[in-house]
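The values are calculated or read from the model by the stated rules, or taken from the named source; none is laboratory data. These numbers were taken from a predicted model, which means no experiment stands behind them. Virtual Cβ from ideal backbone geometry, glycine too; neighbours counted across all protein chains shown.
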Amino acid sequence: MNNRLLTVILCVFVLFPSKAQERVEPLDGEVWWGLSNTDGCKQPFVDYPVLDLAEQSRMGETVPFLISNKGRYIWCDSPFRVSCEKGVLQIWTSSAPLEIVQTGSTLKDAYLAACEAHFPFDGTVPPEEFFTKPQFNNWIESVMTGINQESAERYVEGIFQNDFPCGIVMIDGGWLIQHGTMRFNPYIFPDGKRMFDLIKSFGYKGMLWISPYVSADNRGTYLDYRRTNPRKKPLMVESKDRPGDDCIIHWWSGKSVSLDLTDPEGRDAFVGQLKDCQELYGLDGFKFDGADAEYFRKNGKFHGGASTCDYVHAYGELCKEFPYNEFRVGYRNGGEPVIVRLQDVPHNWDKLPNVIYNVQVSGLMGLPYTIGDMIGGGLNSSFENDQGLSHKYVIRSCQVQALMPMMQFSMAPWRVLTPEECDICREMALLHVSFSDYIMEQVRHAAKTGEPIVRTMEYEFPGQGFDRRLPQFMLGPDYLVAPVVREDDSVTVELPKGRWKDDQGKVFRGPKVLRLNNVPLERLPYYKKLSK
């Protein structure tokens, strides 16, 4: 409990196994953030449909936690069901006390108190390569040019040949001969080690996509698990309907079963398999995908009576075994030195502002190391069937991430854009590199305190009218970033009190609203806070 902030517990409702409901009335002017980083685009909440955290991962990180701009937070040690209507919260829970805590009077007060009490940070800093240079992931490039080793190696060589700074290269899905084997498909990736040797030859770190799933007909992997675990049976999530049989899940790659990560033997088998893969191919870490709770909500039975949320949480926990990690789906993984990726973003102007909103809310959930998916979009269906590619969108998407803690390219700017447009993306990448010292200061600060790196305006400037969604953000305490997220090249910037110097050297005194029209394609508006 944070005595410095004079934390006062207003109410602790001890709820019993039969579902209990609690109604939380808002204080005057109170609004709430939290629950799901996929739903940052709906926050702060006014109206919100029912979300059952026990069954829905929302394809991202969830946590039974809410914080308000009036210094309150709500926490539960187990998943609850929640809705919001006209600012009134309805919360149902059954297995743990619900805490409603008043601490201080601001969003920042509430966040820091909750962080200290429920998801403290231990000072561990993720590898600098995530932050100091852009990352490159070949997923969308492979969708557009083919999933094979030739395409992947051409992509890696293109990064270097086109003078883009790069710290990490990720080889995404499609490389497996079968899910669960952790072996490259020799027909399309004949020499996986050579590919990672190529990545390292340019000075980049190499990561590889994986999931906890095993193809339903992959009996070889089953037999391996039988031979290596004392129970002599596959360490898979069991079916509720058919005791003793595996739970068959339906996911984007078809039908599979999953290792039960709540079973210590299953977890250890998976980690051992990953480490063998890492040594065999000479790679640095993994992009952890899958583990969505929705796949198991009807028929999954876990080890020792564990819940679906326990399974999802265990996935985020085991990825800490590999410092070079990235994962999308998690439950209560706040406070950990893990890299979080947002749900796949479509190539759609209406969705571009959501990257800002969702990264901000992720930080308010104790996940400061969150990346806004892939520049230009990471949803493969946006690039199939010749649906059209907006060069302007790619550039503006690049600018959204340029002054975030991390930026990740996928489609190759040098292939899809004109030389002049590619130059703009390269300049944005170099701008990110030029901010690397400042960004690492914020990363190290977050590792000690838990403070978000990408901050909402309300977090940094309480009581100045910023308690609403705004497509601008603070990078740490010193830089206000206002990317252009509209196709008409306009942006409205709301400056707080104080003096601000923009990217062109002009000085403004806030509070002030700036309406910028016809913003040049090469410009990313940002403002440095000056001393008074």
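Selection of region 376-390 for residues being hydrophobic (A, V, I, L, M, F, W, C) and free of Cβ contacts under 8 Å to residues at least 40 places away in the same chain yields only L379. Of the listed requirements (1) under 22 Å from P337 (Cβ atoms); (2) out of contact with any helix residue (DSSP H, G or I) (no Cβ under 6 Å at 6 or more places or on another chain), S78 misses just one: (1).
For region 467-484, a residue qualifies if it is in a loop (DSSP other than H, G, I, E, B), buried (at least 21 other Cβ atoms within 10 Å of the Cβ) and either in contact with a strand residue (DSSP E or B) (Cβ under 7 Å, 6 or more places away or on another chain) or among the aromatic types (F, W, Y) (or both), and the qualifying residues are Q472, A482, V484.
Each residue in region 59-94 was checked for being over 22 Å from C115 (Cα atoms) and either under 22 Å from the mean Cα position of the chain (by Cα) or not aromatic (F, W, Y) (or both), and 9 of them qualify.
Regarding region 380-387, can at least one residue be identified that is within 24 Å of the chain's Cα centre (by Cα), under 18 Å from N358 (Cβ atoms), modelled with pLDDT under 95 and not hydrophobic (A, V, I, L, M, F, W, C)? Yes, some residue in region 380-387 is within 24 Å of the chain's Cα centre (by Cα), under 18 Å from N358 (Cβ atoms), modelled with pLDDT under 95 and not hydrophobic (A, V, I, L, M, F, W, C).
Can you name the residue in region 388-401 that is surrounded by fewer than 22 Cβ atoms within 10 Å (Cβ to Cβ) and of a type outside the set (F, W, Y) and, of all such residues, is modelled with the lowest pLDDT? So the residue we want is G388.
Within region 243-280, the only residue that satisfies the criterion of being on the phi > 0 side of the Ramachandran plot and more than 25 Å from the chain's Cα centre (by Cα) is G244. Residue check: G244 meets all listed conditions (1) in a helix (DSSP H, G or I); (2) without any contact (Cβ under 8 Å) to a residue 24 or more places away in the chain; (3) under 25 Å from A54 (Cα atoms) but one, namely (1). Scanning region 361-390 for residues that are aliphatic (A, V, I, L, M) and either under 18 Å from S410 (Cβ atoms) or touching a Leu at 6+ places or on another chain (Cβ under 9 Å) (or both) returns V361, L364, M365, I371, M374, I375, L379, L389.
Can you tell me which residue is farthest from the chain's Cα centre (by Cα) among those in region 353-379 that are surrounded by fewer than 24 Cβ atoms within 10 Å (Cβ to Cβ) and closer than 14 Å to V481 by Cβ? Looking at the filtered set, the residue picked out is P353. State which residue is farthest from L198 (Cα to Cα) when the search covers only region 271-288 and only residues that are in contact with a Lys or Arg (Cβ under 6 Å, 6 or more places away or on another chain) and surrounded by 19 or more Cβ atoms within 10 Å (Cβ to Cβ). Out of the qualifying residues, it is D284. Determine which single condition D217 fails, assuming it passes every other condition in (1) within 24 Å of A269 (Cβ to Cβ); (2) at pLDDT 90 or above; (3) among the acidic types (D, E). Checking D217 against (1) within 24 Å of A269 (Cβ to Cβ); (2) at pLDDT 90 or above; (3) among the acidic types (D, E), the one that fails is (2). Could you grab me the full set of residues in region 391-415 that are more than 27 Å from G363 (Cβ to Cβ) and without any contact (Cβ under 8 Å) to a residue 60 or more places away in the chain? Scanning region 391-415 gives a single hit, H391.
Scanning region 283-315 for residues that are in contact (Cβ under 8 Å) with a residue 40 or more places away in the chain and small (G, A, S) gives G285, G290, A291, A293, G300, G304, A306, S307, A314.
Of the residues making up region 36-58, those that are touching a residue at least 60 places away in the same chain (Cβ under 8 Å) and of a type in the set (A, V, I, L, M) are L53, A54. Meeting the requirement of 1 or more residues that are surrounded by fewer than 23 Cβ atoms within 10 Å (Cβ to Cβ) and small (G, A, S), the helices (runs of 4 or more DSSP H) wholly within region 59-178 are 107-118, 139-145, 149-161.
Residues that are part of a loop (DSSP other than H, G, I, E, B), under 22 Å from the mean Cα position of the chain (by Cα) and at negative phi within region 42-58 comprise Q43, P44, L53, A54, E55, Q56, S57, listed in sequence order. Within region 435-466, restricting attention to residues that are of a type in the set (F, W, Y) and touching a helix residue (DSSP H, G or I) at 6+ places or on another chain (Cβ under 8 Å), the residue that is surrounded by the fewest Cβ atoms within 10 Å (Cβ to Cβ) is F466. All of (1) within 22 Å of the chain's Cα centre (by Cα); (2) modelled with pLDDT under 95; (3) not in a helix (DSSP H, G or I) hold for K298 with one exception: (1). Can you work out which of the residues in region 405-414 that are surrounded by fewer than 24 Cβ atoms within 10 Å (Cβ to Cβ) and either at pLDDT below 95 or not polar (S, T, N, Q) (or both) is nearest to V345 (Cα to Cα)? Per the criteria, the residue is A412. The set of residues from region 489-513 being without any contact (Cβ under 8 Å) to a residue 12 or more places away in the chain and either in contact with a helix residue (DSSP H, G or I) (Cβ under 7 Å, 6 or more places away or on another chain) or closer than 23 Å to H391 by Cα (or both) is empty.
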